Every structure is written in structure tokens, then in C-alpha cells.
1. Considering only residues of segment 1-22 that are open to solvent by 90 Å² or more (accessible area, probe 1.4 Å) and either without any contact (Cβ under 8 Å) to a residue 12 or more places away in the chain or within 13 Å of the chain's Cα centre (by Cα) (or both), which is farthest from residue 76 (Cα to Cα)?
2. On the basis of being part of a loop (DSSP other than H, G, I, E, B), modelled with pLDDT under 95 and surrounded by 12 or more Cβ atoms within 10 Å (Cβ to Cβ), does residue 48 make the cut?
3. Only residues that are of a type outside the set (S, T, N, Q), farther than 14 Å from residue 9 by Cβ and in contact with a Pro (Cβ under 7 Å, 6 or more places away or on another chain): list them for segment 19-71, please.
4. Considering every residue within segment 58-71, establish whether at least one is crowded, with 16+ Cβ neighbours inside 10 Å and outside any strand (DSSP E or B).
5. Can you tell me which residue in segment 32-45 is farthest from residue 76 (Cα to Cα), limited to those that are open to solvent by 80 Å² or more (accessible area, probe 1.4 Å) and not in a strand (DSSP E or B)?
Amino acid sequence: AKGSDGRIYVALSNIDPNNPVSFELSLKGTSVTEVKGETLYASQMDAVNTFEDPDNVSPKEITAQINRTSVQVTVQPQSVTVLTLSP
């Protein structure tokens with residue numbers, strides 16, 4: 001999705017419970033100078049937050065690589081990731 005601020009928002013899901021997945025996003029027709037990302041991931045499929053561990057499942061920063069024509073990112077197993085691409 002493209003926001004009114006000119007940023008592009010991309011959501012990625014990895015439903016594999018055991019293996020990370022690498023993505024390469026083509027940047028044809030657009031210029032990106034910065035990528036920020038957050039991922040929601042836990043080591044166990046049935047992980048939950050508790051009073052003892054309220055941040056067990058919480059968004060964490062993720063890094064992505066930019067080159068002239070694409071963005072590359074690897075996401076954790078059983079995770080949801082949102083990237084924000086800035087012009």
C-alpha cells in the first residue's frame with residue numbers, strides 16, 4: 001500500500017513453522033532511500049504474553065538491504081512482518 005506520505009507499506013507472512021524465508025522485492029518505477037521494518041515472532045507457535053512475561057510476543061525491529069533495483073529481507077518462521085519503504 002502507498003500512504004499519503006509517499007511511503008510504501010509491505011506486509012509479509014511466513015507460515016512455515018520451522019524455516020526462515022527470504023524475499024526480494026522489486027523496486028521498478030520507484031526510488032527507495034530507507035527501509036524500516038517490524039516483525040511479530042515467537043519461538044513457539046502457541047506462545048502468548050503473560051503477566052510474568054508481557055513482551056514474549058511483541059514487535060521487534062528487522063533489517064532489510066536496499067540496492068538499486070530491489071529490497072532483500074529474511075523473515076523468521078511463523079512470523080508477520082511489515083516493511084516501510086521511504087522515498
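1. If we filter segment 1-22 for residues that are open to solvent by 90 Å² or more (accessible area, probe 1.4 Å), which is where we start, we get 1-2, 4, 7, 15, 18.
Imposing the further condition that a residue be either without any contact (Cβ under 8 Å) to a residue 12 or more places away in the chain or within 13 Å of the chain's Cα centre (by Cα) (or both) reduces the set to 1-2, 4.
Working: 1: 22, 2: 25, 4: 30 Å.
The residue in question is 4.
2. Numbers: part of a loop (DSSP other than H, G, I, E, B): yes; modelled with pLDDT under 95: yes; surrounded by 12 or more Cβ atoms within 10 Å (Cβ to Cβ): no.
Considered against the rule, which asks whether it is part of a loop (DSSP other than H, G, I, E, B), modelled with pLDDT under 95 and surrounded by 12 or more Cβ atoms within 10 Å (Cβ to Cβ), residue 48 comes out as no.
3. Within segment 19-71, 20, 40, 45 qualify.
4. Among the residues of segment 58-71, at least one is crowded, with 16+ Cβ neighbours inside 10 Å and outside any strand (DSSP E or B), which makes the answer yes.
5. 33
The values are calculated or read from the model by the stated rules, or taken from the named source; none is laboratory data. Since we're looking at a predicted model, the values are computed, not measured. FYI the Cβ positions are ideal-geometry reconstructions off the backbone, even for glycines, and counts take in every protein chain you see. Please note that ligands, DNA and RNA were not included when accessible areas were found on the heavy atoms of the full protein model with its side chains. Shrake-Rupley method; radii C 1.70, N 1.55, O 1.52, S 1.80 Å.
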